[in-house]
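Input: a single structure, listed below in structure tokens.
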């Protein structure tokens, strides 16, 4: 908590990060509703494409930026690996205070940066494909971004809370919690939303029983 300034407002932080994404989402929906002609079925192909790319991007950035310290991303690494992973470990994932939102949520400036980076891509898709496809790109990007933020925050809710007891959250939290084992965090479970690219890229953490047996063997060999 010493790293959290006195003026920090966790609810403003949550409102800013999700609000930016939701604002882009609403703007995209309104723009699509006004298009003439409307959305063609081929335009809808943008949605699974964005979801697949976003899931890969999430995996790649988490693995190679948040867990490897290099210029110019040292600050991002320092806030994630030494700080976030020091505070939350596999058996102790829950927030103790709402001010710890600062240790879990992406900074609002980071969310805005993602939106600004996505905008030229959306314009390019609109020019090469269709206006509807461009807006669908923005819509899906913003929805994925909000889902990432909300899901990650839910994983760090107390396990006995209403949110923590939800079946989907329990399953996804278990995957994320394994990543918070200090012995596994550099190699496994980098997806935060759905572990698709962990599965594709072979970075799913071993089952707990297999991991425990291997550690016992390593300890025996060391002795």
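Rule-based calculations on the coordinates, nothing more; no lab input. Predicted model only: the values in this text are computed from it and were never measured.
General remarks:
- Here segment 128-203 and segment 54-102 have alpha carbon centers that stand 13 Å from each other.
- Most mobile listed residue (185, 201, 145) in the chain, GNM with C-alpha springs under 10 Å: 201
- Overall Cα dimensions of segment 131-205, principal axis frame, Å, largest first: 46, 33, 17
- Relative to the longest principal axis of the Cα atoms of the chain, the long axis of helix 208-222 makes an angle of roughly 40 degrees.
- Per-residue [θ]222 nm for the chain (sum of -39500 (n - 2.57) over DSSP H runs n ≥ 4, rounded to 500): -19500 deg cm²/dmol
- Gyration tensor verdict on segment 1-67 (Cα atoms; rounded if a/c is under 1.5, prolate if a/b is larger than b/c, oblate otherwise): oblate
- Listed residues 192, 39, 24, most fluctuating in the chain (Gaussian network, C-alpha, under 10 Å): 39
- Listed residues 101, 144, 70, most fluctuating in the chain (Gaussian network, C-alpha, under 10 Å): 70
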